[in-house]
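Student: The structure under discussion is supplied below as structure tokens; questions concerning it will follow.
The values are calculated or read from the model by the stated rules, or taken from the named source; none is laboratory data. Since we're looking at a predicted model, the values are computed, not measured. Quick reminder, even Gly has a Cβ in these numbers, built from the backbone with ideal geometry, and neighbours come from all protein chains shown. Just so you know, the surface numbers come from the protein's heavy atoms only, side chains and all, with ligands and any DNA or RNA stripped out. Shrake-Rupley method; radii C 1.70, N 1.55, O 1.52, S 1.80 Å.
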Amino acid sequence: MKSKTSFFNKTIYKKNLTRFVAFPLLYFAFLFISMSCNMLVNRLNMQKSPDAYIQTLKTHQDLYEGVMNGNVPIFVAIYMILVTLAVFSYLYQRRSCNMMHAFPVNRKIMFSTGIASILTLTLLPQLAVTLINTILYLVFGAGSLVWIPWYWMLCMIAYDLCFLGIALFTAMISGQLITNFIFYWIFNFMFMAAEVVIRVLLSFLCFGVYSSDIFRNKLLCMTPSAYLPHHTGIYINDATYRIYHILPEALPTLLVYALVGIGLSGLAYLLYQHKALETCGDFIAVPFMKPVFTLGMTFFASLLATVGIVYALTNLLPENETVFFISITILCLGIGVILYFIIQMLIDRTRHVWKRRYMKYCCIYTGVIFAFLLCVRFDVFGIERQVPTASDVFEVDMTMGETTYALTDADEIADFISIHKEIINEKEELLDYSRHCSEPYGFLDISYH
């Protein structure tokens with residue numbers, strides 16, 4: 001008799017659906033109220049005064065905005081981590097962990113059945129809301145736009161896969177329920193947060209640099225909940241105001257994020273296959289992640305704490321650049337050393353962390369952060385001197401106070417870039433003037449496009 005290779009266990013699947021049926025019901029209620037009911041109430045209110053909303057009723061813009069809500073990715077992210085924590089909760093309770101792995105079901109089946117359970121608990125309420133929204137579109141005479149709810153459903157599938165991959169990966173590297181939850185949000189926002197912190201630090205230590213809008217960050221694509229709403233939406237044709245189009249980059253973006261989620265799920269499966277049951281209850285369940293997390297978390301957390309303290313004590317810190325840099329360096333190194341040993345205590349679950357091995361890693365952190373601050377202070381990366389070429393710029397926005405000027409002429413742009421270079425060359429003279437001049441002076445903000 002041939003043996004069968006199975007990736008699914010019906011008993012575990014049914015058990016998951018019955019145990020966690022409250023999740024899809026609450027999720028459906030949330031989506032139904034925030035989307036369908038909100039859309040229905042808005043349309044009925046508009047129909048009471050059709051003359052006041054004639055353009056909106058003609059283009060069905062209210063129906064489009066009711067479905068394509070830019071806040072949806074963050075809600076999907078929240079729901080996905082909660083469901084994943086529930087389905088794989090047995091990994092964080094020693095008794096349940098030992099009992100589940102004692103059953104005659106291998107880890108491959110348990111993992112794939114868990115994924116099937118999570119997707120079922122997630123996709124069913126989304127599909128139900130999609131059907132309801134489709135009916136509303138037909139009832140309100142927007143039959144030509146019924147593809148919009150289904151495009152929303154396609155977006156949801158990509159979002160689900162992406163955030164599921166992140167949730168599964170963090171589930172397998174952590175040994176506690178709370179640390180999984182924390183790691184999930186760190187993983188979701190660490191690139192955006194790191195870039196914001198470094199931008200603010202650069203604004204303190206580099207001449208002429210300021211921290212800009214976070215949505216202009218180059219690494220925003222590494223933060224799905226912030227990036228996806230701006231690149232997977234729909235726009236209306238400016239000529240007709242009635243024809244809606246999917247953004248050109250939307251479908252490739254959805255595909256890439258879905259594939260990233262699938263890839264992270266595959267990596268999570270490999271980690272699960274080699275995960276020792278003894279790590280249940282540990283802060284970090286994967287050995288190679290311990291030094292990575294400790295050093296990485298210490299590096300960015302110390303920078304974040306330093307930036308926050310400097311912001312709070314701006315008026316108390318010295319104006320001299322050298323003294324200011326020394327103050328920031330001492331503050332950052334001191335906070336970093338304290339954070340390093342606190343994190344190490346959490347990982348080892350002991351206060352006895354004053355060991356030679358940990359001292360070595362602490363010295364590595366100290367050397368790296370000190371070298372990084374020195375490179376920033378002496379502009380090793382050329383950030384202060386960075387000026388675009390005139391051929392790469394089509395507009396320059398200058399803001400002084402509440403007044404903004406826009407330059408679009410090629411000759412004016414070239415002249416202004418020359419002035420910018422001259423300002424950089426006269427850096428020391430300008431800094432000296434700002435320190436000793438008693439007269440008020442303003443700041444000029446420059447944005448190149």
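Student: Just to be sure, is Val67 open to solvent by 50 Å² or more (accessible area, probe 1.4 Å) and under 33 Å from the mean Cα position of the chain (by Cα)?
Tutor: No: the conditions fail for Val67.
Student: Could you look through the stretch 231-259, keep only residues that are modelled with pLDDT of 85 or more and loosely packed, with under 13 Cβ neighbours inside 10 Å, and pick out the one that is farthest from the chain's Cα centre (by Cα)?
Tutor: Within the stretch 231-259, the match that is farthest from the chain's Cα centre (by Cα) is Pro248.
Student: Taking helices (runs of 4 or more DSSP H) that fall entirely within the stretch 1-95, which contain at least 3 residues that are in contact with a Gly (Cβ under 8 Å, 6 or more places away or on another chain)?
Tutor: 38-48
Student: Any residue at all in the stretch 367-381 that's farther than 23 Å from Thr298 by Cβ and either of a type outside the set (Asp, Glu) or not in a loop (DSSP other than H, G, I, E, B) (or both)? Break it down into steps so the answer makes sense when it comes.
Tutor: Initial filter on the stretch 367-381 (farther than 23 Å from Thr298 by Cβ): 378-379.
Next, only the ones that are either of a type outside the set (Asp, Glu) or not in a loop (DSSP other than H, G, I, E, B) (or both) stay: 378.
Yes, there is a match, as at least one residue in the stretch 367-381 is farther than 23 Å from Thr298 by Cβ and either of a type outside the set (Asp, Glu) or not in a loop (DSSP other than H, G, I, E, B) (or both).
Student: Return yes when Asn180 is at pLDDT below 95, buried (at least 20 other Cβ atoms within 10 Å of the Cβ) and either in contact with a strand residue (DSSP E or B) (Cβ under 6 Å, 6 or more places away or on another chain) or not in a helix (DSSP H, G or I) (or both) and no when it is not.
Tutor: Yes: the conditions hold for Asn180.
Student: Go through the residues of the stretch 404-426 one by one and say whether even a single one is of a type in the set (Ser, Thr, Tyr), outside any loop (DSSP other than H, G, I, E, B), modelled with pLDDT under 80 and open to solvent by 50 Å² or more (accessible area, probe 1.4 Å).
Tutor: Yes, because at least one residue in the stretch 404-426 is of a type in the set (Ser, Thr, Tyr), outside any loop (DSSP other than H, G, I, E, B), modelled with pLDDT under 80 and open to solvent by 50 Å² or more (accessible area, probe 1.4 Å).
Student: How about the stretch 131-150: which of its residues are surrounded by fewer than 22 Cβ atoms within 10 Å (Cβ to Cβ), assigned to a helix (DSSP H, G or I) and among the aromatic types (Phe, Trp, Tyr)?
Tutor: Selection gives Trp147, Trp150.
Student: If you check Phe288 against the conditions, is it within 25 Å of the chain's Cα centre (by Cα) and more than 30 Å from Arg199 (Cα to Cα)?
Tutor: So Phe288 fails the test.
Student: Out of the residues in the stretch 93-106 that are touching a Phe, Trp or Tyr at 6+ places or on another chain (Cβ under 6 Å) and of a type outside the set (A, V, I, L, M), which is most open to solvent (accessible area, probe 1.4 Å)?
Tutor: The initial filter retains those residues of the stretch 93-106 that are touching a Phe, Trp or Tyr at 6+ places or on another chain (Cβ under 6 Å), namely 96-97, 100.
So of that shortlist, the ones also of a type outside the set (A, V, I, L, M) come out as 96-97.
Numbers: Ser96: 31, Cys97: 5 Å².
Top of the filtered list is Ser96.
Student: Also, I was wondering about something else. Residue check: is Ala128 surrounded by fewer than 21 Cβ atoms within 10 Å (Cβ to Cβ) and closer than 27 Å to His245 by Cα? Working first, answer last.
Tutor: Working: surrounded by fewer than 21 Cβ atoms within 10 Å (Cβ to Cβ): yes; closer than 27 Å to His245 by Cα: yes.
Yes: the conditions hold for Ala128.
Student: Please count how many residues of the stretch 22-58 are touching a residue at least 12 places away in the same chain (Cβ under 8 Å) and either open to solvent by 40 Å² or more (accessible area, probe 1.4 Å) or aromatic (Phe, Trp, Tyr) (or both).
Tutor: 12
Student: Just to be sure I understand, how many residues within the stretch 312-336 are assigned to a helix (DSSP H, G or I), in contact (Cβ under 8 Å) with a residue 24 or more places away in the chain and open to solvent by 50 Å² or more (accessible area, probe 1.4 Å)?
Tutor: Final tally of qualifying residues: 2.
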